[in-house]
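Shown next, in structure tokens, is the structure this report addresses.
The values are calculated or read from the model by the stated rules, or taken from the named source; none is laboratory data. This structure is a prediction, so every number in the text was calculated from the model and none was measured. Reconstructed Cβ throughout: ideal geometry from the backbone, glycine too, with neighbour counts over all protein chains shown.
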Amino acid sequence: MHIFIRDVAGHVGGSVTVKGWLYNSRSSGSLAFLELRDGTGFIQAVVAKDSVSPETWQAAGSLTQESSLAVTGIVSAHPKKINVFELQATEIAIIGLAQEYPIAHKEHGPEFLMDNRHLWLRSKRQWAILRIRDAVETAIHDFLHEENFVRTDSPIFTPNACEGTTTLFSVPYFDLGEAYLSQSGQLYIEAAIASVGRCYDFGPVFRAEKSKTKRHLTEFWMMDAEAAFVGHEENLKIQEGLVKAIVRRVLEKCSPELAVLERDAAPLQAVLEQAFTRFTYDEAVAKLQQMGSDIKYGEDLGNDDESLLTEDSPVPVFIEKWPRTIKPFYMRIDPENGARVLNDDLIGIEGSGEIIGGSERENDFDLLLSRIRAEGLPESEYAWYLDLRRYGSVPHAGFGIGLERMVRWMAGVEHIRECIPFPRTINRLRP
Ligand code: 4AD
């Protein structure tokens, strides 16, 4: 019977077949130890020369790293380790004998590994990160559905900018001129809330940012959420609930993966235990200046500022109410301070940086139009967006979470390029 390695505990004493790849192997005299992986986990198959046919013994000896195979054997509990199982092999069928595998079980440089990303994905470390990514995505979908959000996806080809014109990728679009790759689906889901009330999109977005940091990709996955009749305060609550739901899911479902990554789960557990910290932008800048940062009022926070601000915090930190001059046109102006907008950036702990950007939206037609004009944006391209304020405009708010930033934090990985299967950065387009 074919089983998945993750289900092996229920088959002790039984004969099963595992199909997968050879991760590693060693032999000592008349015993061969094959470490197999099938995507759900890893298991050691023990092949004893005296207990198998000469063909199977020979097959065990000829297997190369990353060959694909099916191993049939009896499941046994590891003699010393709890919850570890082995396969006492009775038969081996080689499916695809691998040529000499370029990635050996030793240190390789990052460029070599990135050039071989299509193969590197098979390593235990990348396996663990891919699975954590999946858990983060699933947690996002589940949480939002529980909160009455409906998935309504946004287009990738767009005629206008969402997040400023400096980071747009353009592509020729037939006779219609230039199209831009979406930076965020937000404007489109703002339209969809008038149909379904609360909605979200989840897909790739693009930023032609010349940043070479460990937190920037040119193509990354964003989940934009938007909700009608939600203001700034409730927006923050939803974001905190979402982040906690993701952390909870990773802790519940990904212990083997966290162990592979040697990721200490204690700081993640602590995130669940108290409310997130809140600073206004003004408070944050004052605090940073006290701490020795040379940031000035009116400037964006740098990576170092974000790390400094969260250094001693056990929980992520909201920085709210930023100067309108450095934020996009669609953010609602704070009725209590016309120089500020009702927005937030959520900064993760452990050096993870900004993971969410969100705001209440400007829902007044005249104010929105004046801001589009003030920013010199092409008014005609935003006519449909302005319509949303013409026909039954409602207070509404939303936010966008960067999937890879969240995965990077959960997995405790230093570089964001490991948090997406095939990263695109300023200097990498292949494979
Ligand atoms: O703060 P941002 O630019 O917000 C928006 O795009 C809004 N329209 C979202 C919304 O309100 N619906 O981006 C949101 C998040 C950031 O907090 C960060 O996590 C991630 O997207 N992000 C990046 N991730 C990887 N590489 C980059 N170059 C990123 N730029 C932003």
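Across segment 39-70, the number of residues qualifying as surrounded by 14 or more Cβ atoms within 10 Å (Cβ to Cβ) and either closer than 18 Å to Ala259 by Cβ or over 34 Å from the mean Cα position of the chain (by Cα) (or both) comes to 17. Return a yes/no flag: does segment 342-355 have any residue that is in a loop (DSSP other than H, G, I, E, B), without any contact (Cβ under 8 Å) to a residue 40 or more places away in the chain, over 22 Å from Lys296 (Cα atoms) and out of contact with any Gly (no Cβ under 6 Å at 6 or more places or on another chain). The answer is no; no qualifying residue exists.
Taking the options Gly338, Gly376, Gly392, name whichever one is more than 25 Å from Val271 (Cβ to Cβ), modelled with pLDDT under 95 and small (Gly, Ala, Ser).
Values: Gly338 fails: modelled with pLDDT under 95; Gly392 fails: modelled with pLDDT under 95.
When all the criteria are applied, what remains is Gly376.
Counting the residues of segment 164-203 that are within 11 Å of the ligand (Cβ to nearest atom) and surrounded by fewer than 19 Cβ atoms within 10 Å (Cβ to Cβ) gives 2. Being small (Gly, Ala, Ser) and touching a residue at least 24 places away in the same chain (Cβ under 8 Å) holds for only one residue in Ala286, Ala270, and it is Ala270. Determine, yes or no, whether Ile129 is buried (at least 19 other Cβ atoms within 10 Å of the Cβ) and farther than 30 Å from Ile193 by Cβ. It is true that Ile129 is buried (at least 19 other Cβ atoms within 10 Å of the Cβ) and farther than 30 Å from Ile193 by Cβ. Take the conditions (1) in contact with a His (Cβ under 8 Å, 6 or more places away or on another chain); (2) at pLDDT below 95; Lys80 misses just one of them, which is (1).
How many residues are buried (at least 20 other Cβ atoms within 10 Å of the Cβ) and over 22 Å from Asp294 (Cβ atoms) if we restrict to segment 308-320? Selection size over segment 308-320: 4. Across segment 124-183, the number of residues qualifying as touching a Lys or Arg at 6+ places or on another chain (Cβ under 8 Å) and either on the phi > 0 side of the Ramachandran plot or of a type in the set (Gly, Ala, Ser) (or both) comes to 3. Only residues that are touching a helix residue (DSSP H, G or I) at 6+ places or on another chain (Cβ under 7 Å) and either more than 15 Å from the ligand (Cβ to nearest atom) or assigned to a strand (DSSP E or B) (or both) were counted in segment 412-427, giving 1.
When we screen Ile238, Ile156 for residues that are under 30 Å from Glu418 (Cβ atoms), more than 9 Å from the ligand (Cβ to nearest atom), touching a Pro at 6+ places or on another chain (Cβ under 9 Å) and of a type outside the set (D, E, K, R), the only hit is Ile156. Of the residues Asp366, Asp345, the single one that is loosely packed, with under 14 Cβ neighbours inside 10 Å, among the acidic types (Asp, Glu) and at negative phi is Asp366. Among the conditions (1) over 29 Å from the mean Cα position of the chain (by Cα); (2) within 15 Å of the ligand (Cβ to nearest atom), the only one that Asp334 does not satisfy is (2).
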